[in-house]
Amino acid sequence: MKTILQTVDLKMIYQIGKVAVNALRGVNLTVNQAEFVAIMGPSGCGKSTMLHILGGMLKPSSGSVLIDGQDLSKMSDGSRTELRRQKIGFVFQKFNLFPTLTAEGNIRLAERIRLNGNHKNDSERRREILRLLNLEGRLNHKPLELSGGEQQRVAIARALVGSPAIVLADEPTGNLDSENSQIVLKMLQELNGKFGQTIVMITHSPEAASIAQRVVHMRDGQIVNK
Amino acid sequence: MDNLVTANLKQRPIRTIISVIGVALGVVLVVLMVGLSHGVLQEQGRRNSNVGAELLFTRPNNYGPGTSSVLSLPVQYAPKIAEINGVQAVSPVGQYLKPSNQSFGMEMVEGIDIDTYQKVTNLSIDQGKTLSEDNEVIVDPIYAKDKKVKIGDSIDLFGHKFYVSGIYQPEIGARIKIKLSMMQNLLGSKDRCSFVFVKCQTTSNQEQVATNILSTLPGNKVLFTREIQSLYEKGLPAVNTFVKAVVVVSIIISILVIMLAMYTTITERTREIGVLKSLGASKSFIIFEIEKEALLISVLGTLLGYLVAITGRWLIIKNTSLIIDLELKWLLYAALVGILSGLIGALYPALKVANQDPVKALSYE
Ligand SMILES: Nc1ncnc2c1ncn2[C@@H]1O[C@H](COP(=O)(O)OP(=O)(O)OP(=O)(O)O)[C@@H](O)[C@H]1O
Ligand SMILES: [Mg+2]
């Protein structure tokens, strides 16, 4: 089984004035290709910090992060952005769609960034994803005209543009009612099953975590065995 | 559809309109001020050089744009000049700059001695009859058309009623001409004029004639009418400085307006910038998106500016005696001012936002 993501002794210290916050204290995590991993742990234990580092949004204080064989921790800001463009798809708790654009506009914008505008060769996959996420009828609506569940499905479709190696989701059902949570979770599971999409998902809900193949527990900036 | 730029501009219509107006303001200032200063100068110069006489005799510092309008040169010079070697004919002329009757701006009136004047210039009476009575005035066809005056109509000058006796050709000097003797009476400057036109026996001899005049009557000034045009063009450094100041102020206005608009826009959209970064958008992509927005505002502003400037020019020319030049060169220059200042104004906000920490941007409320 191919390793797609690996961290070695990953540490992150936030310096706020004289106070140093040890958000990550040596995380060793390995994720295989096509794996669906859930990350759980109490608030403030460093889950989001780790996810941001995995996606190249944040530079770790020490340790290394290998994404598809490339070491993020040694890269410049520009190279990390480029790696993120090619290999990472983010899904956030607050959806974070562009409010002025329609659902389709949001997806097209992502295509413009991630595929440098040539979405031709991806159109078959695109249609399949939209069908799977059941979004075909909602494409001309702006985010405010969509339900939370629909917005999150658009955000997932956007994250999948350009076939990223890994989808990183930070509490994707955190802002959804249980019904919509169910729908979104089921879709993530299908993406993983049908497309072999690697997913790392932070969640507080044991129910959500139960759909993953593996659950990783964190506490005080470290991975722990439950 | 995936165009953040137009979506953003539509999202905040009032701010977009204000920014566009800000840029337009700069463009209008440049087009009108430059056009006005050049138009007035060139127009004046052109009419003055449209003369048959080769030379213009006057007191030092007593001719050209912006000089005093008091008649200061004794007419007695005229017969003395007429005797000088190479001179064919002379004619004393009085010039007086007065506020326009109809509106803003100034109007030039000339007092001429029609008989000698026609000997030194190509002036001919096109319609009506020549200037013979004290209360008569002749005008050129442009004045007649602009001010809608016909032969027999009256014009108020120096508090007197004058009647249009004829329309002359071509445009020479002031558009309104009365008798010099009448002007002297009205201004209380008996036996004085502003300058004397000198016609040489042969045009090719004019340099020699000028030298002869100056050696006979030293301490005075002789201008070549062929050079008056360029004299007007470069003769007024003060006007040029003024025009430059206007251009600089316009650029600053446009830069500040765009900078402010872009700054508030990006602050409002910090979170969106964070999302763009999470999608893998590079710094240059983000800078480019913001510059595109500024460019669109600048282009719209420039177009609006043209529209207002051209309409304004038309209204000013129609309602005042001001002349505004509209040169392609200056229109392009104004566009450059509008667009460049837009791009420059957006640069600082764009750079600032492109260098923002993506995680902080995402958590911005
Ligand atoms: N930008 C920052 N500056 C300083 N400290 C930070 C910053 N971001 C996070 N922290 C601190 O780092 C620690 C880990 O935060 P993190 O957001 O990763 O936790 P989390 O596990 O995602 O929590 P939650 O479940 O509430 O989202 C916390 O103590 C937090 O206060
Ligand atoms: Mg978190």
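The values are calculated or read from the model by the stated rules, or taken from the named source; none is laboratory data. Quantities reported herein were computed from a predicted structural model and do not represent experimental measurements. Heads up, the Cβs are rebuilt from the backbone with ideal geometry, glycines too, and the neighbour counts pull from every protein chain shown. Surface areas here come from the heavy atoms of the whole protein model, side chains and all, with no ligands, DNA or RNA. Shrake-Rupley method; radii C 1.70, N 1.55, O 1.52, S 1.80 Å.
Details
- Selection within region A:174-208 - part of a loop (DSSP other than H, G, I, E, B) and in contact (Cβ under 8 Å) with a residue 60 or more places away in the chain: A:174, A:175, A:196, A:197, A:203, A:204
- Count - residues of region B:143-164 that are surrounded by 14 or more Cβ atoms within 10 Å (Cβ to Cβ) and part of a helix (DSSP H, G or I): 3
- Verdict on residue A:78 being surrounded by fewer than 18 Cβ atoms within 10 Å (Cβ to Cβ) and either at the interface with chain B (Cβ under 10 Å from one of its Cβ atoms) or within 16 Å of ligand 2 (Cβ to nearest atom) (or both): yes
- Boolean, residue A:226 is surrounded by fewer than 17 Cβ atoms within 10 Å (Cβ to Cβ), basic (Lys, Arg) and touching a strand residue (DSSP E or B) at 6+ places or on another chain (Cβ under 6 Å): yes
- Sole exception among (1) farther than 19 Å from residue B:109 by Cα; (2) modelled with pLDDT of 75 or more; (3) over 24 Å from the mean Cα position of the chain (by Cα) for residue B:23, by number: (3)
- Considering (1) outside any strand (DSSP E or B); (2) β-branched (Val, Ile, Thr); (3) surrounded by 17 or more Cβ atoms within 10 Å (Cβ to Cβ), the lone condition that residue B:167 does not fulfil carries the number (1).
- Looking across region B:296-342, just one residue is surrounded by fewer than 16 Cβ atoms within 10 Å (Cβ to Cβ) and within 30 Å of residue B:270 (Cβ to Cβ), and that is B:340.
- Qualifying position, being free of Cβ contacts under 8 Å to residues at least 60 places away in the same chain, part of a helix (DSSP H, G or I) and in contact with a strand residue (DSSP E or B) (Cβ under 9 Å, 6 or more places away or on another chain), among A:79, A:48: A:79
- Filter pass, residue A:166 being more than 15 Å from ligand 1 (Cβ to nearest atom), within 25 Å of residue A:106 (Cα to Cα) and within 16 Å of the chain's Cα centre (by Cα): yes
- Matching option when the condition is under 27 Å from residue A:146 (Cα atoms), in contact with a strand residue (DSSP E or B) (Cβ under 9 Å, 6 or more places away or on another chain), more than 16 Å from ligand 2 (Cβ to nearest atom) and not basic (Lys, Arg), among A:89, A:105, A:69: A:89
- Applying the condition of being away from ligand 1 (no atom under 16 Å from the Cβ) and in contact with a Ser or Thr (Cβ under 9 Å, 6 or more places away or on another chain) to region B:347-365 and asking which residue is farthest from the other protein chains (Cβ to nearest Cβ) yields B:349.
- Evaluation of residue A:98 against the conditions (1) open to solvent by 20 Å² or more (accessible area, probe 1.4 Å); (2) assigned to a loop (DSSP other than H, G, I, E, B); (3) not acidic (Asp, Glu) shows that the sole unmet condition is (1).
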